[in-house]
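S.K.: Could you have a look at this structure, given as structure tokens, before my questions?
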Amino acid sequence: MAREAPTVLVVDDDPSARRLVAIWLEERGFSVHDAQDGESGLREAARLNPDVVLLDWRMPDENGPSICRRLSEAIPRPVIVMLTGLDDPRDRDAAREAGADDYFVKGLDPDTLAGRLRELVDSPARFTRTAADRTGDRVRHG
């Protein structure tokens with residue numbers, strides 16, 4: 001039986017960046033959807049229930065870490081990855097504190113991105129939230 005393609009939601013206000021990432025990931029077997037800002041990203045995430053949400057840091061309506069915190073409360077929780085032009089260790093730390101599972105600087109190799117997303121989606125040790133976990137603590141989901 002063929003494995004279903006992981007669903008990725010790309011949230012970025014730059015249409016060229018969204019399209020480029022979509023092409024890269026679709027060529028590597030992902031099903032890709034996109035959103036142009038944080039609010040539409042949250043709506044699409046609720047509608048699609050994606051495996052992964054790729055978030056830009058700087059968007060006109062709400063920044064990536066803020067959206068990340070809101071997505072971290074979703075049940076089930078998607079893998080959340082920041083994909084941004086910012087390459088500062090403080091930003092990486094802030095993204096992790098907001099609930100990001102990983103952080104990449106734009107311009108990385110498409111195979112590296114796709115490989116890491118597959119690892120995160122397939123990882124039995126990945127942290128998720130379940131309906132039984134409404135206290136704010138994260139639980140391991142296998």
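Quick note: the coordinates plus some simple rules give every number you see, no bench work behind them. Note that the coordinates shown come from a computational prediction; the quantities given were computed from them, not determined experimentally. FYI the Cβ positions are ideal-geometry reconstructions off the backbone, even for glycines, and counts take in every protein chain you see.
S.K.: Using unit Cβ charges (K, R positive; D, E negative) and no other charged atoms, how large, in debye to the nearest 20, is the dipole of the range 7-125 about its Cα centre?
M.R.: Details: 15 positive and 25 negative charges, 45 e Å.
My answer is approximately 220 debye.
S.K.: May I ask which residue of Met59, Ile23, Leu117 lies farthest towards the positive end of the charge dipole of the range 7-125, with charges of +1 (Lys, Arg) and -1 (Asp, Glu) on Cβ and the Cα centre as origin?
M.R.: Farthest towards the positive pole: Leu117.
S.K.: What trypsin sites (Lys or Arg not before Pro) does the range 11-93 have in DSSP loop regions with at most 14 other beta carbons within 10 Å?
M.R.: Of the trypsin sites (Lys or Arg not before Pro), the ones in loops of the range 11-93 whose Cβ has at most 14 other Cβ atoms within 10 Å are Arg58.
S.K.: To make sure I understand, if each residue's beta carbon is the centre and we count other beta carbons within 10 Å, what order do Leu9, Leu54 fall in, fewest to most?
M.R.: Ascending number of Cβ neighbours within 10 Å: Leu9, Leu54.
S.K.: Would you mind calculating the gained length between Asp88 and Glu39 on full extension (0.36 nm times residue separation, minus the Cα-Cα distance), in nm to one decimal?
M.R.: Values: separation 49, 0.36 × 49 = 17.64 nm, distance 2.54 nm.
Stretched out fully, the Asp88 to Glu39 stretch lengthens by 15.1 nm.
S.K.: Can you compute 3J(HN,Hα) from phi for each residue in the range 85-99, using the Karplus curve 6.51 cos²θ - 1.76 cosθ + 1.60 with θ = phi - 60°, rounded to whole Hz and x for Gly and Pro?
M.R.: For the range 85-99, the Karplus curve yields x, 7, 10, 10, x, 5, 5, 4, 4, 5, 5, 5, 5, 7, x Hz.
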